[in-house]
1. Quickly run through region 312-327 and pick out the residues that are closer than 20 Å to residue 79 by Cα and surrounded by fewer than 17 Cβ atoms within 10 Å (Cβ to Cβ).
2. In region 221-237, which residue that is touching a helix residue (DSSP H, G or I) at 6+ places or on another chain (Cβ under 9 Å) and part of a helix (DSSP H, G or I) is modelled with the lowest pLDDT?
3. Any idea which of (1) under 23 Å from the mean Cα position of the chain (by Cα); (2) modelled with pLDDT of 85 or more; (3) at negative phi is the one residue 250 doesn't satisfy?
4. Which residues, counting only those in region 275-293, are under 18 Å from residue 254 (Cα atoms) and surrounded by 13 or more Cβ atoms within 10 Å (Cβ to Cβ)?
5. Pick out, from region 29-140, the helices (runs of 4 or more DSSP H) lying fully within it that include 1 or more residues that are closer than 18 Å to residue 233 by Cβ.
6. Quick one: in region 124-151, of everything that is more than 22 Å from residue 373 (Cα to Cα) and buried (at least 17 other Cβ atoms within 10 Å of the Cβ), which residue is modelled with the lowest pLDDT?
């Protein structure tokens, strides 16, 4: 199956590809090539360049800064960003809280927050998961008691991605403890500099500081920072989760990873002993390529339906499940191919001290930590087990 692009869409792809090639920050690319961790300013510098072009929130309504692009154009834009391996536009602001604010927010909230999200002036984090409420998010226990024109918030959030950089966070809190699980929850916007907010790092298996626990101790939040009605935050939460689960197919990322893996297999082992000549490894590569092709066709069918005006339903869970599993499989095969050559990503100091010959195999830097980090793909955005339950109930009627 091949998606038929119009001449205008093909020209648009060229425009996007040229923009990325000419405008992507050279210092950010150099960091990526060296396997160095990107900082807050690295992400924001690219966001600001894209914002200047008017492309930072392509799916938003035009009146709030959107591009007015078709579904196919948005697909091309996302695909080209993945192909070029750019630093991501931070989705917590543009893809998650932004749509909630322009859908459910007051005029004052829209005027206050949306332009800053478009421009990349504020970094947002997501306060959803708790130690006892992950996939079963409605079991959350963080409390917000109203006192006059403020809520007093107490509780703990965990796995809060990049909260160490955040200026603002959007939090689900329980405002009516007596209501059933999905009721009694409100959606609050919290200034991360507020007294009582404490961000503590969680160092993951790869040694990275990507996620955090966030403690909220008697944090005062103005009532005007509540989005939508009190005790009806679950409506906002469901919309946001639907946005989070879309775009996790990672088809273009996986195609790039597959191409790199094939090149790697052609060099590992030397003349006459290349990994690419091993029939067992070739079979593994072929199997994952077939699965990736099937996933791409499925994604294109959803795109064709969206282009025809059909809103995506719960079936998009298929893309999340298969996309994350395939990406994990490619990480596993890359780690298998490199064996003892696989290297953790290094800091500037470590890279300088190790010298130019620290890694013998090109492309080996960061492979081990990428493998560890990508185990999360089948968990975040609603675990794949939960997604299978959704498909079983809503699509198969089981």
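The values are calculated or read from the model by the stated rules, or taken from the named source; none is laboratory data. Since the model is a prediction, treat every value here as computed from it, not as a measurement. Here the Cβ positions follow ideal geometry from the backbone for every residue, glycine too, while neighbour counts run over all protein chains shown.
1. Once the filter is applied, which keeps residues that are closer than 20 Å to residue 79 by Cα and surrounded by fewer than 17 Cβ atoms within 10 Å (Cβ to Cβ), region 312-327 yields 312, 325.
2. Here the answer is 237.
3. Every listed condition holds for residue 250 apart from (3).
4. Once the filter is applied, which keeps residues that are under 18 Å from residue 254 (Cα atoms) and surrounded by 13 or more Cβ atoms within 10 Å (Cβ to Cβ), region 275-293 yields 281, 282, 284, 285, 288, 289, 291, 292, 293.
5. Of the helices (runs of 4 or more DSSP H) lying wholly inside region 29-140, those with at least 1 residues that are closer than 18 Å to residue 233 by Cβ span 98-104, 107-119.
6. Of everything passing the filter in region 124-151, 137 is modelled with the lowest pLDDT.
Each row is one residue, and each column tells you yes or no for (1) touching a helix residue (DSSP H, G or I) at 6+ places or on another chain (Cβ under 9 Å); (2) more than 20 Å from residue 241 (Cβ to Cβ).
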residue: 282; (1), (2): yes, yes
residue: 287; (1), (2): yes, yes
residue: 291; (1), (2): yes, yes
residue: 297; (1), (2): no, yes
residue: 300; (1), (2): yes, yes
residue: 319; (1), (2): yes, no
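Okay, residues lined up against (1) in a helix (DSSP H, G or I); (2) over 28 Å from residue 396 (Cα atoms):
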{"residue": "242", "(1), (2)": "yes, no"}
{"residue": "249", "(1), (2)": "no, no"}
{"residue": "253", "(1), (2)": "yes, yes"}
{"residue": "287", "(1), (2)": "yes, no"}
{"residue": "290", "(1), (2)": "yes, no"}
{"residue": "293", "(1), (2)": "yes, no"}
